[in-house]
């Protein structure tokens with residue numbers, strides 16, 4: 001018996017994207033990414049949405065908007081009958097690891113830390129670091145230094161068409177965040193000790209004894 005061919009998950013994700021993107025744009029929503037994978041014995045279709053950003057009023061999608069979009073997506077996919085068999089649809093906000101799919105997503109990510117899965121022959125490799133620029137369909141990424149090699153390694157240039165998957169990578173800056181938090185706590189403790197010393201000095205300061213004043217109720221002799 002011939003082995004059953006494995007589904008092309010990337011092609012399936014592209015079909016979902018082609019179906020939904022025009023409808024979501026009409027509703028003012030931006031599909032950041034569609035990812036299809038196997039899980040629990042059936043297909044999982046994960047769709048990342050956000051509001052199409054107004055340059056003067058950038059906002060993020062909320063849970064109610066995700067739920068409404070999810071109902072529309074379920075209806076559209078049922079009508080289109082894209083997949084045979086069972087599948088589960090998950091509609092999600094982008095979260096801190098925001099997916100990057102379109103050129104404008106990469107433009108907005110310049111200066112931030114990114115996590116890329118890059119095609120390398122028949123395999124893929126992972127590239128993490130700060131996105132220095134995105135020009136002429138080329139991404140320039142500066143990988144971080146390591147404990148064993150504190151000097152920054154050479155920047156990496158990646159063709160846009162080689163990027164298979166991309167996300168913002170805030171965890172990349174976790175060490176800096178932890179150090180900043182420690183510095184802030186240290187400053188807070190220093191200020192607290194200083195405030196306690198000032199309060200103690202004020203409490204121990206000798207009070208001036210009131211003079212013998214004649215009250216207005218005293219009668220004159």
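Structure notes:
- Residues that are part of a loop (DSSP other than H, G, I, E, B) and over 19 Å from residue 171 (Cβ atoms) within segment 111-140 comprise 121, 122, 136, 137, listed in sequence order.
- Checking each residue in segment 116-126 for being out of contact with any helix residue (DSSP H, G or I) (no Cβ under 6 Å at 6 or more places or on another chain) and surrounded by fewer than 18 Cβ atoms within 10 Å (Cβ to Cβ) picks out 117, 120, 121, 122, 123, 124, 125, 126.
- Yes/no for residue 113 being within 20 Å of residue 19 (Cα to Cα), surrounded by 15 or more Cβ atoms within 10 Å (Cβ to Cβ) and under 14 Å from the mean Cα position of the chain (by Cα): no
- Looking only at segment 90-110, and only at residues there that are touching a residue at least 60 places away in the same chain (Cβ under 8 Å), surrounded by 17 or more Cβ atoms within 10 Å (Cβ to Cβ) and touching a strand residue (DSSP E or B) at 6+ places or on another chain (Cβ under 6 Å), the one that is farthest from residue 68 (Cα to Cα): 106
- Evaluation of residue 138 against (1) modelled with pLDDT under 90; (2) farther than 26 Å from residue 36 by Cβ (one fails), failing number: (1)
- Unmet requirement for residue 67, which otherwise passes all of (1) more than 17 Å from residue 164 (Cβ to Cβ); (2) at pLDDT below 90; (3) exposed (fewer than 12 other Cβ atoms within 10 Å of the Cβ): (2)
- Only one of the numbered conditions (1) surrounded by fewer than 17 Cβ atoms within 10 Å (Cβ to Cβ); (2) outside any strand (DSSP E or B) is violated by residue 73, and that is (1).
The values are calculated or read from the model by the stated rules, or taken from the named source; none is laboratory data. Quick caveat, the model's predicted, so the values are computed rather than measured. Don't worry about glycine lacking a Cβ; one is built from the backbone with ideal geometry, like all the others, and counts go over all protein chains shown.
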